[in-house]
Every structure is written in structure tokens, then in C-alpha cells.
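K.L.:
I'd like to ask some things about the structure below.
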Amino acid sequence: MSTEIRGLNEECGIFGIWNHPSAAQITYYGLHSLQHRGQEGAGIVSTDGVTLKGHRNLGLLADVFKHGELDELVGKSAIGHVRYATAGGKSLSNVQPFLFHFQNSSLALAHNGNLINAQTLRHELEEEGAIFQTSSDTEVLAHLLKRSQTGSFVEDLKVALNKVQGGFAYMLLTENELIAALDPNGFRPLSIGKIGDSYVIASETCAFDTVGAEFVRDVEPGELIIIDDDGLHIEKFTENVKHSICSMEYIYFARPDSNIAGINVHSARKRMGKRLAQEAFVEADVVTGVPDSSISAAIGYAEETGIPYELGLIKNRYVARTFIAPSQELREQGVKMKLSAVRGVVEGKRVVMIDDSIVRGTTSRRIVQLLRDAGAAEVHVRIASPPLAFPCFYGIDIQTRGELIAANYSVDEICRIIGADSLTYLSEDGLVEAVGKPYPDEPYGGLCMAYFNGDYPTELFDYEKEYLASLEAESR
């Protein structure tokens, strides 16, 4: 088993706006509502129609723009990015949006997701003379774009988009247009909104509520959204599409007030909790959820069982998400800083602890211990998703099975490892039904379930197949 231990890390968040006098400021507020998707770095690029200007740095959005940098980003259009490193190192050079200056034009580029053929493309491009400035897979698209010679920027982009594979939501800004593109499986959420005559695009609809935008429509897989002074134009770069929305968006990543494919995230999580109660009822005195992403499911479990929901765990709002801590020791210390058990709620009680997932088991073990230290008589753990047992190649930072406890131990063994009195996961069918099958005629209702069952919705590359085969051999 691999000794490498990594977490269930955020993806990234992107936001863009066209034709607004306070474009950079609106982008800042839009990104602020997407901060949960990435806390390592942030950046904004704006244009006044003549030049593109940007600022980016490591850290939280408020820290990156705390010295008046927004005032320098003038213009009516802008794009922005908050980052978690799913590919590429944690350095300033990899913070987006990337800004490229060419002989007669400029281009800003932001990306949410992960390319499964980035290594192959990068090698081919370097063989042709390309010089990369970053270790991020995002830069690959810019090189492909400049190598296409159709004579049309949009057509060049279509050619480039048909060469990259994997999970991607791209946002591009030039002097003349704002462009967004979504991969043929629609792994990452992406939506269009409007503020008066201004169009906005964001990773999650919660950003629209923050900036006062009205939802227009979701970006569909394989679509190219082009916004310029003439309005909104929708084209396709491929017809070969299949909806495979990342199920972890509904389970963990997205904010509860966001809607994905017309389904409210809070409502979906609440249904997960209700279905979990039907599949895994246990006699108990209180139900509590691990803040924040598990609260909706805990409420659903409590409503379905009639067991009272209580705030048995309190989150310290001034501590970042524990999964982002760079070392195992810091992660473990982070759990203590992040959560406290409420003795007055759990002492002497049989507690059902609802969580959205178990990745390594470290966090679950420490939370169970927190509840026991606060006097809980029993701790029954219920997980509102199936066991995470397979790596993700599309934008979630789970790329080795060795770091996934469910890939290496049975449910009974995990129960003992985390110190719970009982442990049950939501079934795969239960998850699909609870989310609500946004695309009922497609596999798993239009969801990607590969993390749970290894059924990847795209063709994998040789090195990925070899990796999965080696894992299967190890398990035998």
C-alpha cells in the first residue's frame, strides 16, 4: 500500500463578466463566493478593450487583493480564478488566470479540472519546440491554440479543445470577447447569468446570488460560449458528448445554495440523508452532522428517523478546510482546531454522526474520539456516499488508491480503525436516486460514479490503465 497520504482536495473556481463598469470588483465578489473551491491562490485579469491587465498571488482572495490591487484592474470585462492544485505545483507561477501577450493581441486563461492527456500533449509540444513557463496542465491549451492555423481564433480554439481530454471548464478573455468551454462529459459545473446587460459565467450558481445576477442557463458539455459586444453566442466544439457530472460536487464540493443541472445541492444532500436513514437505521438519541458539508444530510437523516438533530459538533470558522493542510501532522492538529464536540448535547447519548465521505479515515477517527471524550455513550457513523475506492483523473486530487482507506480495508475494518460502534455507507443506487438523476436516460442518471466503482466515463490512457491494473494485482 502506498505510503503517500493526500486529501480530498477542492477543485478550482472560475468567474467571468462581460460589459460591466465594475468588472474587476464584481469578479472579486463572485470569486469570494467560490473561495471554498480553492484556497491556495487567486487572480483576476481585466480588459478595457485595448489591453489586458492582471494580478495574482498565493493565498486567500482577501489577502491577494488587500492593498488596492483591484483599483488597477480597469475595464468593462474580467475573469478570475481561485485555485487548488489538482495538477502542477503550489507556486506563484501556477496561479491563474494565466496572461499571455502575443504580437498583436493578449489572452487570459483560467481552468477548473484536470486533463488526462496533459503529459502526452506536453511531451509532444516540447518536442515541437514549445517552452512551458508553468507545471500546470492549463498551459497546454494555450500552446495548442497558438499552433492551430485556421485563421480564426474561435476555430483555432475548437481544434485545441478537441485535442485535450479529461475534465475541464475553461474561461478565456481577449480584448474583444469572453469565452467559456465545458468538456464533453460536463464533469465540472458551469453556468451563465446576467446582470442587466452584462453576462456572467461562474463555476457555481451561488456566485450569481452574491453579485445580483439572474440565472440564464447551464453550459452544456461540448459547448463553446462566446460573449462579445453583440451579445451571447453558443457554438459546439464536439457532438460526441455524454453527461457525467462529478457526483462529488453534490456530495461535498459545491455550496448548499448552488444548483447543478437544475438540482439544488442542499436538497440533494438532504435526500442522501433520508435515503441513508432508510438503508442504515440505528437506535440512537441524537443525530449530528460534521460541519459544514454534512449538515444537510444529517437533517435529512434526522427527519426520516425522527431522532432529534442537534449541534453536537461546532466548527471554528477561522480555520481553513482541514483537507488542505500540507502534512499529515498538520491535518490531525487541524481537526482539533477545526471542530469541538458539545458535551451538553452528546454526553451520555447514543450519537449518529453523519459525514459526507471518508477519505483516509484520519479525520473520522479523530471526530469519533472527540465525541467519546465529550461523553458520548455510543457513536454510530453514517456516510452519505458510497466508499471512495478508486482514483479520480478528472480534477479531484485522489490519484492513488493507497491513500483511500476504503480501497484497502473492509467496512468492518474501517469501523474498527475509526473507533465507531457501527459504520454504514450510502449505496450507489441510493446516491443516484437521492441526487435525482439530472439526465435519467444516461448512465447513473448523468453522474460520474468512477470514484466508487471504477467505471470511468472516458477512455483512459495507457499509463492510467497500467496503474489501475497494478492496483488490482496488488489487491490480490
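K.L.:
Looking at the stretch 426-446 only, could you name the residues that are within 13 Å of P387 (Cβ to Cβ) and in contact (Cβ under 8 Å) with a residue 60 or more places away in the chain?
P.N.:
Of everything in the stretch 426-446, those that are within 13 Å of P387 (Cβ to Cβ) and in contact (Cβ under 8 Å) with a residue 60 or more places away in the chain turn out to be L426, S427, G430, L431.
K.L.:
Sort through I260, I225 and tell me the only one that's touching a helix residue (DSSP H, G or I) at 6+ places or on another chain (Cβ under 9 Å), at pLDDT 95 or above and of a type in the set (V, I, T). Steps first, answer last, please.
P.N.:
Values: I225 fails: touching a helix residue (DSSP H, G or I) at 6+ places or on another chain (Cβ under 9 Å).
Criteria check complete, one pass: I260.
K.L.:
Check whether at least one residue in the stretch 230-242 is within 20 Å of the chain's Cα centre (by Cα) and in contact (Cβ under 8 Å) with a residue 40 or more places away in the chain, and report yes or no.
P.N.:
The answer is yes; a qualifying residue exists.
K.L.:
If you go through the stretch 151-170 one residue at a time, how many are of a type in the set (S, T, Y) and not in a loop (DSSP other than H, G, I, E, B)?
P.N.:
1
K.L.:
Only one of (1) over 30 Å from S152 (Cα atoms); (2) touching a strand residue (DSSP E or B) at 6+ places or on another chain (Cβ under 6 Å); (3) open to solvent by less than 30 Å² (accessible area, probe 1.4 Å) fails for F65. Which number is that?
P.N.:
Exception for F65: condition (2).
K.L.:
Continuing with this model, one more query. Looking at Q119, Q133, Q96, which is the one that is touching a residue at least 40 places away in the same chain (Cβ under 8 Å) and over 26 Å from T458 (Cβ atoms)?
P.N.:
Q133
K.L.:
If P440 passes every condition in (1) modelled with pLDDT under 95; (2) out of contact with any helix residue (DSSP H, G or I) (no Cβ under 7 Å at 6 or more places or on another chain); (3) surrounded by fewer than 23 Cβ atoms within 10 Å (Cβ to Cβ) but one, which one does it miss?
P.N.:
Checking P440 against (1) modelled with pLDDT under 95; (2) out of contact with any helix residue (DSSP H, G or I) (no Cβ under 7 Å at 6 or more places or on another chain); (3) surrounded by fewer than 23 Cβ atoms within 10 Å (Cβ to Cβ), the one that fails is (1).
K.L.:
If we keep just the residues of the stretch 115-142 that are polar (S, T, N, Q) and closer than 15 Å to L161 by Cβ, which is modelled with the lowest pLDDT?
P.N.:
Going through the qualifying residues, I end up with T138.
K.L.:
Looking at (1) of a type in the set (S, T, Y); (2) farther than 22 Å from T138 by Cα; (3) open to solvent by 20 Å² or more (accessible area, probe 1.4 Å), which is the only condition T238 fails?
P.N.:
So the condition that T238 fails would be (2).
K.L.:
When only residues in the stretch 118-150 that are part of a helix (DSSP H, G or I) and of a type in the set (G, A, S) count, which is nearest to L107 (Cα to Cα)?
P.N.:
If we take residues in the stretch 118-150 being part of a helix (DSSP H, G or I) and of a type in the set (G, A, S), then A142 is nearest to L107 (Cα to Cα).
K.L.:
Restricting attention to the stretch 25-62, and to residues there that are part of a loop (DSSP other than H, G, I, E, B) and open to solvent by 10 Å² or more (accessible area, probe 1.4 Å), which single residue is farthest from A254 (Cα to Cα)?
P.N.:
Only one residue tops the list, namely V50.
K.L.:
Restrict the check to the stretch 384-400 and report whether at least one residue is at pLDDT 95 or above, in contact with a Lys or Arg (Cβ under 9 Å, 6 or more places away or on another chain) and closer than 26 Å to R275 by Cβ.
P.N.:
yes
K.L.:
If the requirement is being of a type in the set (D, E) and free of Cβ contacts under 8 Å to residues at least 60 places away in the same chain, which of these qualifies: D156, D183?
P.N.:
Answer to the check: D156.
K.L.:
Filter the stretch 263-285 down to residues that are open to solvent by 10 Å² or more (accessible area, probe 1.4 Å) and of a type in the set (A, V, I, L, M, F, W, C) and give me whichever is farthest from L447 (Cα to Cα).
P.N.:
Only one residue tops the list, namely A284.
K.L.:
Still on this model: Can you give me the number of residues within the stretch 196-213 that are buried (at least 16 other Cβ atoms within 10 Å of the Cβ) and within 13 Å of L232 (Cβ to Cβ)?
P.N.:
Within the stretch 196-213, residues that are buried (at least 16 other Cβ atoms within 10 Å of the Cβ) and within 13 Å of L232 (Cβ to Cβ) number 4.
K.L.:
A further question follows. From the list L144, L125, L157, L99, which residue is of a type in the set (A, V, I, L, M), open to solvent by less than 10 Å² (accessible area, probe 1.4 Å) and under 26 Å from the mean Cα position of the chain (by Cα)?
P.N.:
Just one listed residue meets the conditions, L157.
K.L.:
Name the pairs: first residue in the stretch 253-278 and more than 27 Å from I192 (Cα to Cα) and among the charged types (D, E, K, R), second residue modelled with pLDDT of 95 or more and open to solvent by 10 Å² or more (accessible area, probe 1.4 Å), Cβ to Cβ under 6 Å, at least 6 apart or on different chains?
P.N.:
Qualifying pairs under 6 Å: K274/E304.
K.L.:
So, one more: Please verify whether G231 is touching an Asp or Glu at 6+ places or on another chain (Cβ under 8 Å) and either within 17 Å of G193 (Cα to Cα) or of a type in the set (S, T, N, Q) (or both), treating the condition exactly as stated.
P.N.:
No, not satisfied.
K.L.:
Would the stretch 418-437 turn up any residue that is among the small types (G, A, S), out of contact with any helix residue (DSSP H, G or I) (no Cβ under 6 Å at 6 or more places or on another chain), open to solvent by less than 30 Å² (accessible area, probe 1.4 Å) and not in a loop (DSSP other than H, G, I, E, B)?
P.N.:
Checked against the condition, which is being among the small types (G, A, S), out of contact with any helix residue (DSSP H, G or I) (no Cβ under 6 Å at 6 or more places or on another chain), open to solvent by less than 30 Å² (accessible area, probe 1.4 Å) and not in a loop (DSSP other than H, G, I, E, B), the stretch 418-437 yields at least one hit.
K.L.:
Name the pairs whose Cβ atoms lie under 9 Å apart, with the first residue in the stretch 100-114 and free of Cβ contacts under 8 Å to residues at least 40 places away in the same chain and within 17 Å of K146 (Cβ to Cβ), the second surrounded by fewer than 17 Cβ atoms within 10 Å (Cβ to Cβ) and hydroxyl-bearing (S, T, Y), and 6 or more positions between them or separate chains?
P.N.:
No pair meets every condition.
K.L.:
Regarding the stretch 175-191, can at least one residue be identified that is open to solvent by 40 Å² or more (accessible area, probe 1.4 Å) and under 23 Å from the mean Cα position of the chain (by Cα)?
P.N.:
Looking for residues that are open to solvent by 40 Å² or more (accessible area, probe 1.4 Å) and under 23 Å from the mean Cα position of the chain (by Cα), one finds none in the stretch 175-191, hence no.
K.L.:
Kindly provide the set of residues from the stretch 1-26 that are modelled with pLDDT of 70 or more and more than 19 Å from the chain's Cα centre (by Cα), ordered by number.
P.N.:
I17, W18, N19, H20, P21, S22, A23, A24, Q25, I26
The values are calculated or read from the model by the stated rules, or taken from the named source; none is laboratory data. The structure displayed is predicted, hence computed values, not measured ones. Backbone-built Cβ (ideal geometry, glycine too); neighbour counts: all protein chains shown. Side chains included, ligands, DNA and RNA excluded: accessible areas come from the protein's heavy atoms. Shrake-Rupley method; radii C 1.70, N 1.55, O 1.52, S 1.80 Å.
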